[in-house]
Structure formats: C-alpha cells, structure tokens
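Enquirer: Provided herewith is a single structure, encoded as structure tokens, for subsequent inquiry.
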Amino acid sequence: MPLFVLTGAGVSAESGIPTFRGRDGYWRNLDPTKLATPEAFARDPQLVWDWYRERRQRIRNARPNAAHEAIARLAHHTEEFLLVTQNVDDLHARAGIPAQRMVRIHGDIFVTRCSRCDFTEKGSGGSPEPPTARAVQPQSGRLRSIAPTSDDHLDVPRCPRCDKLMRPGVVWFGEQLSRNELERVEDFLDGGACDVVIVAGTTATFGYIIDWALRGSRDGAELIELNPEETPLSRFATRLVREPAAIALPRIVDQLIALG
Ligand code: OAD
C-alpha cells in the first residue's frame, strides 16, 4: 500500500515549536514569514541569527510527540513510503524515520552554510552552537575588539574558508528548493499512484505542496487532511480531520495498519 505523507509546522506544535502563521509564531513582535527571507538576512543578519539560535535551542529541548511517532510507525510498516516535511526541526528524524524515507524540503535548521561558497557545517540537535568564536575576527587588534563599529555582527559566524557571513542552511522564501530533494519527491510520485496521502499540520500555502498532494492522490487514492483549520487543500480532501495531529494521527495510523 504506497503511502505519501506531507507535514508542516502544525505537527510539531504539540512539541512546543511555534508554527509560522499562528499567533504564537511571532518573535519579538516580528512576523516569522518576514524573518525567513534573504532580504531580512541582508538587512540584519544578527537579528536573523538571534531568531534561529532561539529556535535551535527550543528544538533541542523539545521531544517528538505522538504525531511524529505515529508517522514513524507507518514508515516502518509500509514498504513504499515517503514523508515530505516542510519542517526544519529534527523531530521526525528523532522519532525514527530513516533519512531515505524522508525529504526535508525546506532544509535542516542545524545546518550552517556559507552565504557565498559551498562550505557547510552540520550540527545536530545535541551539538553546540555553530562557531560564534569565529564571529569576531579582529583585524586591527585591541581597539576593534573593545569598540566594535556598526559593521560588526558579533554573533554572526563567518566562513572559515572565504570569510563571508555564514547563514542557516534552510530554504528561505523566494529561494530555490534543492534539486536533489525535488528529484526524490518526483521519483516517488512518478513511481505510481498512492493508496493514501496524508497532509498534516500545514497551511499548504506553497503551490508545490498542493501539487504533490494532488498528484499523489490521483486515480482515486484517499486524501486525508489533518488540520484543525481549513486550508486551500481542504476542498480536494476525501477525508477531513479537524483535530490536533498528536491526537488524530495515532488513531489514523492504527486504522491504516489494521487495513494492511
Ligand atoms: P504554518 O504556520 O503556515 O501552518 C501551520 C498549520 O498547522 C496551520 O494550518 C494550523 O491550522 C495547523 N496546526 C496548528 N496546530 C496544529 C496541530 N496541533 N495539529 C495539526 N495542525 C495544526 O506552517 P507551514 O504550513 O508548515 O517555510 O508553513 C509552511 C512553510 O512556510 C514553512 O516551512 C516555512 C514557512 O514560512 C519556509 O521557511 C520556506
């Protein structure tokens, strides 16, 4: 029974990770959808890094919830399975979904990469923060380190290879998705129709999320939307579940496993 699952921030909400568009998503009165942009980083890299550091810390302290665990159970139970998550946290992975059965289409919050060259550092949920020690590279000795000029971004790491600013290794608004990851999704969907598609905890604001959900559920597959609120995908769903993911997913997964 081929199964395709798409998840968004709502699946991690019950682990204490704020969603992007919910009321609790605001940070220092700033709209997260305006912080997760190349423009915000160009304007104020320190502010963007502060936000990402806080989110990394929150994710380190969080645990996968019953929704992550239910999806992992499904992945282990189903031969043809793919999870595409928009979440940059590592809670699906920590719940036990193997990397080859999951596409993290918006990247990984624990990756730090150079904004110019291809230098990349991979941290993990338990790792220390990326190299703030390299953030300040005094060029003119003591004076600069005591009295930083307005050009200094004290907590913005710099690339050890080319000295450009390092940035979080996630996909921001307006940026291209990774070609590799896109191909993995396309390959799965080209492999044939699914029996069941589950879309959980996402506002489905991006066209590619809607497109993938519809392609996966072509030829009469069941399309289950799990979200307390209506989304642009709701009218296409064959089953609407208006409950929190951590409550409804364990039940839905039990039903699917019982069906074989
Ligand atoms: P959003 O914050 O836009 O939406 C979260 C969705 O989860 C909403 O539809 C809520 O109704 C729903 N929700 C809230 N609590 C829930 C719960 N307990 N159980 C189930 N659903 C719940 O997050 P995403 O749709 O994931 O992209 O956002 C998509 C992308 O936009 C993000 O990956 C990020 C963002 O800006 C980038 O940064 C590129």
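Enquirer: If you fit an axis through the alpha-carbon atoms of helix 245-259 and take the longest principal axis of the Cα set of the chain, what angle between them do you get, 0 to 90°, nearest 10?
Expert: 40
Enquirer: Can you tell me how much longer the chain between residue 155 and residue 77 gets when fully stretched, taken as 0.36 nm per residue apart minus their C-alpha distance, in nm with one decimal? Let's see the in-between values first.
Expert: Working: separation 78, 0.36 × 78 = 28.08 nm, distance 4.43 nm.
Between residue 155 and residue 77, full extension yields an extra 23.7 nm.
Enquirer: Ok, one more. Where does the charge balance sit around residue 3 when Lys and Arg score +1, Asp and Glu -1, over other residues with C-beta under 13 Å from its C-beta? All intermediate terms of the calculation are to be shown ahead of the outcome.
Expert: On the way: positive: 73, 101; negative: 79, 80, 195, 222.
Local charge sum for residue 3: -2.
Enquirer: Per residue, how much space in cubic angstrom lies within the convex hull of the C-alpha atoms of the chain?
Expert: Details: hull volume 32.2 nm³, N = 260.
Hull volume over Cα atoms, normalised by residue count, gives 124 Å³.
Enquirer: Normalise the Debye intensity by I(0) for region 1-88, one equal point scatterer per Cα, no solvent, then take log10 at q = 0.19, 0.23, 0.24 Å⁻¹ and round to two decimals.
Expert: At q = 0.19, 0.23, 0.24 Å⁻¹ the computed log10 ratios are -0.91, -1.14, -1.20.
Enquirer: Using Cα springs under 10 Å in a Gaussian network model of the chain, which residue among 178, 234, 15 shows the largest mean-square fluctuation?
Expert: Of 178, 234, 15, the Gaussian network model singles out 178 as fluctuating most.
Enquirer: Shifting gears a bit: Using only Cα atoms, what Kirkwood radius does region 172-243 have, in angstroms? The partial results should precede the final answer.
Expert: Values: mean 1/r = 0.0774 Å⁻¹.
Taking the inverse mean of 1/r over all distinct Cα pairs, region 172-243 comes out at 12.9 Å.
Enquirer: To continue, here is another question. Any idea what angle helix 179-190 forms with the longest principal axis of the chain, computed on alpha-carbon atoms, 0 to 90 degrees, nearest 10?
Expert: With both axes taken from Cα atoms, the answer is about 0 degrees.
Enquirer: Restricting to DSSP H runs of at least four residues, report the calculated mean residue ellipticity at 222 nm for the chain, -39500 (n - 2.57) per run over all residues, nearest 500 deg cm²/dmol.
Expert: On the way: 10 runs with 90 residues, N = 260.
Calculated from helices alone, the mean residue ellipticity at 222 nm is -10000 deg cm²/dmol.
Enquirer: I've got another one for you. How would 49, 27 rank on accessible area, largest to smallest, probe 1.4 Å? Could you put the intermediate results ahead of the total?
Expert: On the way: 49 0, 27 25 Å².
Solvent-accessible surface, decreasing: 27, 49.
Enquirer: Next up: Heavy atoms only, 1.4 Å probe, whole protein assembly: order 24, 31 by accessible area, highest first. Kindly include the intermediate steps, with their values, before the conclusion.
Expert: Numbers: 24 100, 31 35 Å².
The residues order as 24, 31, largest area first.
Enquirer: Accessible area per residue for the chain in Å², computed with a 1.4 Å probe and the full protein assembly in place, what is it?
Expert: Working: 12790 Å² over 260 residues.
Ligands and nucleic acids excluded, the figure is 49 Å² per residue.
Enquirer: In degrees between 0 and 90, to the nearest 10, how far off the longest principal axis of the chain does helix 66-77 point, with axes built from Cα atoms?
Expert: Compared with the principal axis, the helix lies near 60 degrees.
Enquirer: From zero up to wherever the largest Cα-Cα distance of region 1-42 sits, split into 5 Å bins and tell me the percent of pairs in each.
Expert: 5, 19, 22, 19, 15, 10, 6, 3, 2, 0
The values are calculated or read from the model by the stated rules, or taken from the named source; none is laboratory data. Just so we're clear, the structure is a prediction, and the values are computed from it rather than from any experiment. FYI the Cβ positions are ideal-geometry reconstructions off the backbone, even for glycines, and counts take in every protein chain you see. Note: accessible area is taken over every heavy atom of the protein model, side chains too, but ligands, DNA and RNA are not part of it. Shrake-Rupley method; radii C 1.70, N 1.55, O 1.52, S 1.80 Å.
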